[in-house]
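Colleague: I am attaching a structure below and will ask some questions about it afterwards.
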Amino acid sequence: MNALSIEEIKANRAEAMKFIHDNNIELLDNIFTDSPPKNCNSEVYYLSKAIGLMVYADFVIFLPGWKESRGCNIEHMICERYNIPRLYL
């Protein structure tokens with residue numbers, strides 16, 4: 001979500017977490033704290049991990065600002081092409 005400030009990301013995530021909690025939804029958390037392997041593109045590495053989680057998702061939540069993120073746009077395209085339901089908060 002490189003188009004957003006850390007504060008905006010935290011606020012959007014807090015809203016999403018409240019929605020998830022209020023609706024008793026199981027979260028497949030895609031905040032990764034591991035280090036990518038040496039000599040690899042770290043952005044693609046983390047995107048690949050997020051896409052890997054999508055195979056287990058009943059739907060994917062897109063937060064404000066997703067359209068300005070390359071990774072989110074790729075995830076959104078995958079949802080469209082593979083008929084994964086989307087929710088926009």
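Colleague: Quick one: with all protein chains in place, what share of the accessible area of the stretch 1-74 is carbon or sulfur, to the nearest percent (1.4 Å probe)?
Modeller: 55 percent
Colleague: Can you classify the stretch 46-89 as rounded, prolate or oblate using the Cα gyration tensor, where a ≥ b ≥ c are the square roots of its eigenvalues, rounded means a/c under 1.5, and otherwise it's prolate if a/b beats b/c and oblate if not?
Modeller: The shape class here is oblate.
Colleague: Can I ask one more? Using a 10 Å Cβ count of at most 12 others and DSSP loop calls, identify the longest part of the chain lacking such chymotrypsin sites (Phe, Trp or Tyr not before Pro).
Modeller: Formally, the longest exposed-site-free interval is 1-31.
Colleague: Specify the residue with the greatest mean-square fluctuation among Asn30, Asn73, Asn41, computed from a Gaussian network of the chain linking alpha-carbon atoms under 10 Å apart.
Modeller: Highest fluctuation among the options: Asn41.
Colleague: What Kirkwood Rh does the chain have if only Cα atoms enter the pairwise 1/r average? Answer in Å.
Modeller: 14.0 Å
Colleague: Measure off 7 Å from each Cα along the Cα-to-Cβ vector at Ser5 and Tyr88, then give the distance between these two points in nanometres to one decimal.
Modeller: Inter-label distance under the simple model: 2.5 nm.
Colleague: If each residue of separation counts as 0.36 nm, what is the full-extension length gain between Glu43 and Glu15 once their alpha-carbon separation is subtracted?
Modeller: 7.6 nm
The values are calculated or read from the model by the stated rules, or taken from the named source; none is laboratory data. As the structure is a prediction and not an experimental result, all values here were calculated from the model. Neighbour counts run over all protein chains shown; Cβ positions are idealised from the backbone, glycine included. Heads up: the accessible areas ignore ligands, DNA and RNA and are worked out on the full protein's heavy atoms, side chains in. Shrake-Rupley method; radii C 1.70, N 1.55, O 1.52, S 1.80 Å.
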